[in-house]
Every structure is written in C-alpha cells, then in structure tokens.
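All remarks here apply to the structure that follows.
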Amino acid sequence: MSSQKPHATVAKPLAATRSGALKGTVRVPGDKSISHRALMFGALATGVTRVRGLLEAEDVINTAKAVSALGAPAQKRGDVWEIRGRGVGGLVQPEGDLDFGNSGTGSRLMTGVIAGHDIEVRMIGDASLSRRPMRRVLDPLKKMGLSVAEDRETLPLTLHGTSSLVPIEYMTPVPSAQVKSAILLAGLAAAGETTVIEKEPTRDHTERMLRYFGAKVQTGLRDGRASITVFGDAELEGRDVAVPGDPSSAAFLAAAAVIVPGSEVTIEGVLVNETRTGFYTTLAEMGADVALLNRREEGGEPIADIRVRHGGGKGGKLKGVRVPSGRAPSMIDEYPILSVVAAFAEGETRMEGLAELKVKESDRLAATAAGLTANGIAAKVDGDTLIVTGSKQPRGGGTVVTHMDHRIAMAFLVLGLASDRPVTVDDMTFVATSFPAFKGLMETLGATFNPA
C-alpha cells in the first residue's frame with residue numbers, strides 16, 4: 001500500500017474584534033458524531049441508506065471516502081447522501097490507505113468496523129491525529145481477534161480483521177463513547193453477545209442507531225454501572241437518517257450571544273440528547289438566559305431550538321460555578337468555549353475531571369489555559385482541573401496558539417467578540433474539520449473578524 005502522505009497546510013491567522021449585538025435565527029451544520037455513524041452503519045447495512053443533513057466537513061467527508069474505499073459507495077445526490085451497504089462482514093479490502101485527516105472519531109470507530117472483516121487496512125492521518133492515542137480502542141479489539149502490525153499504538157496503523165471475532169465483556173477504563181462504539185461495531189460481526197460496561201455513561205448515539213438499523217441491543221445497569229450489549233451475527237437494513245444540528249457547534253454561537261451585550265440568537269433544530277447537553281446545563285447554572293424551545297424527536301433523537309440572550313436571566317449577571325467531573329462526558333468538547341464564558345462571570349469557575357482534554361486534537365487543557373492567560377484572564381491548571389477567575393471585562397489583545405485544534409480556534413475567536421481588544425488565533429485552517437461555515441455564520445449574526 002502507499003506510504004503516508006503529508007498533510008501540509010498554510011496557516012491562516014484571524015482576529016476577532018469587539019462586535020455589536022448578535023441577532024438572528026440560524027441553523028448549525030449536522031451533528032458530527034451522528035454523521036460519522038450514519039455513514040458507517042449505512043456501509044454495514046444491506047440496501048441503501050439515505051442521510052439528510054450530513055455534516056459536510058473534512059472529518060466526515062474522510063469517513064465517506066473510507067466507506068467508499070471499503071466497497072460501500074457514499075455519494076451525494078441532490079441534498080441527500082446515499083450509502084450502498086454491503087452488510088455486516090461484507091466490506092472489501094481497499095486499494096490504498098484510508099486517510100482520516102484530523103478525525104479521532106472516524107479513525108477510532110472505523111477500527112471496530114474493520115475488525116469484523118478478513119481484510120488488511122492501513123489507516124493514516126495528519127500530524128495531530130498521528131499523535132493521538134489509539135491503544136484504548138485497539139486493546140479490546142485485539143481481545144476480539146483484530147491484529148495490529150508491529151504492535152503500534154498511533155497512526156499510521158496496519159490492521160488485519162477477521163471473520164471469526166470473539167465476543168467479549170469489557171469495562172472501559174475511561175469514559176469514552178469512541179471506545180464503546182468501536183467495540184459494539186465489532187460486536188455486530190461476533191458470534192454471541194458483546195457487552196461494554198461504563199463507570200460513567202457516555203453519549204448513546206451508537207446504541208440508538210444500532211436499534212434504528214435493526215440490531216438487537218440491551219441496555220441497563222449492572223452494579224450501578226451502565227451496561228450495553230449487542231447481539232452478534234447481526235443483520236442491519238438501510239434506513240433514512242435525518243442528522244440534527246450539532247450541539248458542540250451550536251455552543252460557540254450560544255456562548256457568543258451570552259457574552260456580547262444586547263445579543264439574542266436562536267439556533268434551530270439542535271440535538272439535545274441528555275448525553276450531549278452538559279454545556280447548556282452549565283450555562284443555566286451560571287445564570288445565563290438559555291431556553292430550549294419546541295422540543296421534539298426526529299430519527300430517534302431529541303431536538304429543540306435553543307434561544308440564548310446576553311448576560312444572566314432576568315437582568316442578572318453571570319456567576320462562576322463548579323462543574324463536577326461527572327458532567328465531563330456530556331460536554332467534553334465544550335470546555336474551551338465554557339472557559340471563555342467563565343472569563344466574563346463573577347468569581348471562580350472550577351471545571352473538574354478534565355484528563356481527557358489532554359489527549360484531544362491538542363492538549364486542550366494546557367492550550368485553553370495558555371490562551372486565556374495570553375488575553376489577561378486569570379486561569380490555572382491544577383491536576384485535571386481548570387480554574388478560571390472571571391472579570392467584568394476581559395482585556396483580550398493576545399495571540400492564541402491553536403495547536404491545529406479547531407475548537408481552540410473557534411473558542412478564542414468568540415472571546416475576541418466581547419473583549420476590550422481584538423483576539424488573534426494563529427491558524428483557523430482546522431476549523432474546516434468540524435465547522436467550515438463558522439466564520440460566515442457568525443458574520444451573518446453580526447460578528448466582526450479581520451485577517452491578522
């Protein structure tokens with residue numbers, strides 16, 4: 001197979017300047033987690049799966065290319081993506097490497113898909129993804145029968161699956177929907193029952209989608225822990241999937257509305273699955289004026305319109321809070337933008353249990369603290385806790401090193417919209433991995449950005 005190709009990019013600095021009130025009603029792109037899963041489940045189903053609202057960002061497009069290379073063509077027809085599945089165990093060996101770019105979700109979940117097929121696949125990614133740990137998914141999959149060349153733990157990885165996977169019972173050492181999902185995806189091809197036990201529940205999109213596509217899944221509690229079992233030798237049928245708006249992307253717009261004076265923004269059709277709404281719960285605890293309106297269900301997932309107004313509700317002020325570690329799985333991607341909101345709150349905000357942030361696209365814990373400090377905001381890391389002390393009006397004026405991390409870039413651009421002086425991020429290129437429309441959508445609401 002071909003050697004790993006470079007992922008060279010030209011840095012694109014951008015500055016955010018204090019803006020007037022943000023106003024409007026918008027929609028954010030489709031949820032990234034559900035988009036990845038829709039493509040993979042479509043590939044493992046028989047017949048055609050049609051997906052509306054798929055997130056057309058680099059991470060998800062790389063997953064679409066990967067399933068196509070594995071013999072399940074994913075193509076856009078009009079406004080709908082169609083995946084022609086091959087059934088569980090029916091994927092074929094690709095002719096070249098599967099390139100996941102910057103996507104941890106795509107690469108980790110795909111290991112579970114590959115595990116149940118007697119094929120050899122080489123997976124590669126960009127410099128950031130190639131530093132991220134894969135052992136957490138590889139260890140349980142190797143127990144099931146997956147082989148890993150040279151016993152590597154980071155990309156590039158050469159994997160050899162098998163048509164005779166062994167079902168396992170596995171307790172995840174850290175809360176991770178990616179680990180859980182990879183094991184359950186592999187379990188579809190195993191003969192018997194595969195069970196994942198979690199000390200802390202994580203996002204449950206995989207379980208919901210498994211049922212929606214026709215797999216037999218049992219969920220419950222065992223000794224106070226979440227237990228999820230999938231029954232193997234499964235047969236999935238192609239389905240129509242409507243992808244709701246991504247709550248992690250919506251968080252940047254919501255935060256901007258909270259901190260920019262006079263703002264009122266409504267974000268329509270956002271996923272409000274309780275395993276994903278920790279950020280909005282925390283905003284409410286801080287006193288923010290946040291409302292979930294027009295609650296409904298689509299495609300097995302709860303959605304709502306999120307309305308956010310500046311400052312605290314009923315004219316009050318934002319206040320610092322303690323965010324317990326147990327909430328981390330429901331908002332793990334939102335801590336950088338929460339720290340920006342915390343900079344405008346009275347008192348101290350303590351965000352606990354953030355070890356997982358150290359192994360994201362960057363060490364997000366260190367990168368977030370450094371970005372805040374660079375802009376005159378009191379922030380420190382104490383073990384796995386981030387402590388931010390707010391002020392009435394953050395100074396800004398700093399340049400933030402993004403470390404190839406899309407969420408760091410977007411979070412600090414939001415900071416610049418309400419700080420005294422502009423905030424510059426050193427590179428916004430990687431925003432395209434999850435939210436390519438970020439800048440344009442923010443500008444329609446009234447945000448001000450300038451090339452740096």
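The values are calculated or read from the model by the stated rules, or taken from the named source; none is laboratory data. Quick caveat: nothing in here was measured; it's all calculated off a predicted structure. We place every Cβ from the backbone using ideal geometry, glycine too, and count neighbours over all the protein chains shown.
A few remarks follow.
- Residue match in segment 217-236 (condition: among the hydroxyl-bearing types (Ser, Thr, Tyr), buried (at least 18 other Cβ atoms within 10 Å of the Cβ) and in a helix (DSSP H, G or I)): no
- Residue among Val260, Val321 that is crowded, with 22+ Cβ neighbours inside 10 Å and of a type outside the set (Asp, Glu): Val260
- A single entry from Glu274, Glu264, Glu301 fulfils the requirement of being acidic (Asp, Glu), in contact (Cβ under 8 Å) with a residue 24 or more places away in the chain and within 23 Å of Pro394 (Cβ to Cβ): Glu264.
- Restricting segment 198-211 to residues that are in a helix (DSSP H, G or I) and surrounded by fewer than 21 Cβ atoms within 10 Å (Cβ to Cβ), the residue that is nearest to the chain's Cα centre (by Cα) is Arg208.
- Of the strands (runs of 3 or more DSSP E) lying entirely inside segment 13-103, those carrying at least 1 residues that are among the hydrophobic types (A, V, I, L, M, F, W, C), touching an Asp or Glu at 6+ places or on another chain (Cβ under 9 Å) and crowded, with 20+ Cβ neighbours inside 10 Å are 14-17, 48-52, 74-77, 80-84.
- Considered as a group, the residues in segment 270-293 that are buried (at least 19 other Cβ atoms within 10 Å of the Cβ) and among the polar types (S, T, N, Q) include one that is farthest from the chain's Cα centre (by Cα), and that residue is Thr282.
- Only one of the numbered conditions (1) over 22 Å from Leu338 (Cβ atoms); (2) surrounded by 15 or more Cβ atoms within 10 Å (Cβ to Cβ); (3) of a type outside the set (Val, Ile, Thr) is violated by Arg296, and that is (2).
- Candidate set: segment 168-194, residues that are buried (at least 19 other Cβ atoms within 10 Å of the Cβ) and of a type in the set (Gly, Ala, Ser); chosen: the one farthest from the chain's Cα centre (by Cα): Ala190
Residues are listed down the side, and each one gets a yes or a no for (1) in contact with a strand residue (DSSP E or B) (Cβ under 9 Å, 6 or more places away or on another chain); (2) without any contact (Cβ under 8 Å) to a residue 60 or more places away in the chain; (3) β-branched (Val, Ile, Thr); (4) not in a strand (DSSP E or B):
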residue	(1), (2), (3), (4)
Pro336	no, no, no, yes
Val341	yes, no, yes, yes
Thr349	yes, no, yes, no
Lys358	no, yes, no, yes
Ala369	yes, yes, no, yes
Gly376	yes, yes, no, yes
Val381	yes, yes, yes, no
Leu386	yes, yes, no, no
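- Here is the figure for segment 423-452: residues that are more than 22 Å from the chain's Cα centre (by Cα) and assigned to a strand (DSSP E or B) total 6.
- Residue, farthest from Leu372 (Cα to Cα), within segment 305-326, restricted to residues that are of a type in the set (Lys, Arg) and at pLDDT 95 or above: Arg307
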